[in-house]
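Structure, as structure tokens:
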Amino acid sequence: MTTRGLYVGRFQPFHLGHVESIKKILQEVEELVIVIGSAQYSHDMTNPFTAGERLVMIHNSLQEAKVDSSRIWIVPVPDVHLHMMWVSEVEGYTPKFHIVYSNEPLTRRLFMEAGYQVKSLPYYERQTYTSTAIREKMLQKDDSWKKLVPKSVEKFIIEIDGINRLRDLNQSDKN
């Protein structure tokens, strides 16, 4: 039986801390299901990128990091907004998994109550590598955000005009 882990995130955007977490998880499991959470949301300040864009970021980043893609499943999963239904929703969208990797308290609790083994992830310089901080740097025209994401993510965000999208969204929130 293949040991398969599950890692859920919004990845808004996908950054180097995520890459390090995935590398660590892959030392423990044969395959990893990466769930792009809140897949139906985009074009707002918390979720500026679409599920498809996040999928491209993850795929390209893992190729760049030379992670064996045959060990990875990337699955977008929309929110259901009913905590008691969320684990079932994830199970319905993903291949069978055995271990859940998360530091998010609600995610941990829901999967534990559903009978899954849940493991914490060691944070990789958590104060530096956060999607929220990266989005803030983009808004503030602070180019140091580029050092926090894989080169392929930087290139992709520039290609899709993601920085101006974020700035436009920030302006519409103020109106």
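The values are calculated or read from the model by the stated rules, or taken from the named source; none is laboratory data. Computed from a prediction, not measured in an experiment: that's the story for all the values here. When we count neighbours, we look across all protein chains shown, and the Cβ atoms used for this are built from the backbone with ideal geometry, even at glycine. Each accessible area value is taken on the protein alone, full model and side chains, heavy atoms only, with ligands, DNA and RNA left out. Shrake-Rupley method; radii C 1.70, N 1.55, O 1.52, S 1.80 Å.
Only Cα pairs under 8 Å and at least 6 apart count here; give the relative contact order of the chain as a rounded whole percent.
It rounds to 29 percent for the chain.
Which of the three applies to the stretch 15-102, rounded, prolate or oblate, going by the alpha-carbon gyration tensor with a ≥ b ≥ c and a/c under 1.5 meaning rounded?
Oblate.
Spelling out what I want: for every residue of the stretch 160-169, take phi, set θ = phi - 60°, compute 6.51 cos²θ - 1.76 cosθ + 1.60 (Karplus), and round to whole Hz; glycine and proline get x.
In residue order, the calculated couplings are 8, 6, x, 5, 5, 4, 4, 5, 5, 4 Hz.
If the chain between Trp73 and Glu136 were fully stretched, how many nm would it gain, using 0.36 nm times the residue separation less the Cα-Cα distance?
Extra length available between Trp73 and Glu136 comes to 19.7 nm.
With θ set to phi - 60°, apply the Karplus curve 6.51 cos²θ - 1.76 cosθ + 1.60 along the stretch 118-130 and write out the HN-Hα couplings as whole Hz, x wherever there is a Gly or Pro.
Residue by residue, the stretch 118-130 yields 10, 10, 7, 9, x, 6, 9, 6, 3, 5, 9, 9, 9 Hz.
In bins 5 Å wide, starting from 0, what share of all Cα pairs of the stretch 94-143 does each bin hold, as a percent?
Taking all Cα pairs of the stretch 94-143, the binned fractions are 4, 17, 19, 15, 13, 13, 9, 6, 2 percent.
Enumerate the amide H contacts of Ala39 below 5 Å, restricted to partners 5 or more residues apart or on another chain; note that Pro and chain-start residues carry no placed amide H.
Sorted by chain and number, the residues that satisfy this are Val77, Asp79.
What dipole magnitude, in Debye to the nearest 20, does the chain give about its Cα centre under +1 on Lys/Arg Cβ and -1 on Asp/Glu Cβ?
Rounded to the nearest 20 debye, it is 320 debye.
Val33's amide H: which non-local residues (gap 5+, or another chain) put their own amide H closer than 5 Å, with H modeled 1.01 Å from N in plane and none for Pro or chain starts?
Sorted by chain and number, the residues that satisfy this are Gly5, Leu6, Tyr7, Trp73.
Output wanted: per-residue J couplings in Hz (rounded whole) for the stretch 59-66, from phi through Karplus 6.51 cos²θ - 1.76 cosθ + 1.60, θ = phi - 60°, x for Gly and Pro.
4, 5, 5, 5, 5, 4, 7, 6
Let me check I have the definition right: for the chain, take the eigenvalues of the Cα gyration tensor, multiply each by 5, take square roots. What are those semi-axes in whole Å, largest first?
27, 19, 14
Taking amide H positions as placed 1.01 Å from N in the peptide plane, with prolines and chain starts having none, which residues 5 or more places from Tyr124, or on another chain, fall under 5 Å of its amide H?
Correct list: empty.
Output the relative contact order of the stretch 82-175, whole-number percent, from Cα pairs under 8 angstrom with separation of 6+ residues.
Here the relative contact order equals 18 percent.
Can you send over the carbon and sulfur percentage of the accessible area for the chain, probe radius 1.4 Å, protein chains only?
Using a 1.4 Å probe with all protein chains present, the chain comes out at 50 percent carbon and sulfur.
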